[in-house]
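Laboratory data are not the source of any read-out in this text; all were calculated from the coordinates shown. All values derive from a computational prediction rather than experimental measurement. Here the Cβ positions follow ideal geometry from the backbone for every residue, glycine too, while neighbour counts run over all protein chains shown.
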Amino acid sequence: MLLAEKEDDVVVRLEDGEDVHERLQSLGITAGAVVAGIGMLRDVTLAFWNGQEYVEHLVKGPVELLSLQGNFSLKEGEPFVHLHTVLGMPDTLVVGGHLMRATVHETNEIIIRKLPGVAMERRREPSGLFGLYPRKP
C-alpha cells in the first residue's frame, strides 16, 4: 500500500493481491468517508440485504472497479470500513452491491476524507444490521 496524506485527505494506492477491507481497516480511521475508488478487483463477494440476511454473490474477475464509496467507523470497538461498489464486467455490463470481500487486481486508487469532530459507531439493530450512529464526540 502506498499512501499520501495532507490534513484530512488521504490518497491510497492498493497493489495487486492486497485485501481491500484488511488494508483500509489497517489505516485505523474511525470517522471518515471513502469518497472515490477506481481500479480492478478479483475474487469479489458482493451482497444484497434481503431484509433478513445478506445474500452473497461471488464474482471471480478480474473486473473493473468503477465506483467505490463507503465510510469508516467503530464496530464493536474496532476500526471498521463499510463499502459499496459498482463493477464493470468484461462484457461491459455492470453489477454492484455491498462489498463483503475483494482482492486488488493490478491496482486500486482510493480517496478518503477523515471527519474530525465526528464520532461514528456501528450498533446492531433489531433487523440484524449494524446501523451507523454518528454523533459529536
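What fraction, in whole percent, of alpha-carbon pairs in the stretch 2-117 exceed 19 Å separation? More than 19 Å apart: 43 percent of the Cα pairs in the stretch 2-117.
Sorting the segments 7-16, 119-128 by their residues' average number of neighbouring beta-carbon atoms within 10 angstrom, most packed first, yields 7-16, 119-128. Once you reduce the stretch 56-72 and the stretch 9-54 to the center of their Cα atoms, the two points are 8 Å from each other. The gain in end-to-end length when the PHE48 to SER67 segment is fully stretched comes to 5.2 nm, 0.36 nm per residue minus the alpha carbon separation. Look at the dipole of the chain built from charges on Cβ: of ALA36, LEU74, TYR133, the Cα furthest out on the positive end belongs to TYR133. In order along the stretch 96-101, phi translates into HN-Hα couplings of x, x, 5, 8, 7, 8 Hz, rounded to whole numbers, per the Karplus curve 6.51 cos²θ - 1.76 cosθ + 1.60 with θ = phi - 60° and x for Gly and Pro.
Structural descriptor for the stretch 2-117: relative contact order 40 percent, calculated from alpha carbon pairs under 8 angstrom and at least 6 residues apart. When peptides 59-66, 76-83, 39-46 are ranked by their average number of other Cβ atoms within 10 Å per residue, the highest-first order is 39-46, 59-66, 76-83. Extending 7 Å from Cα along the Cβ direction at ARG124 and again at ASP91 yields two label points whose distance is 4.0 nm.
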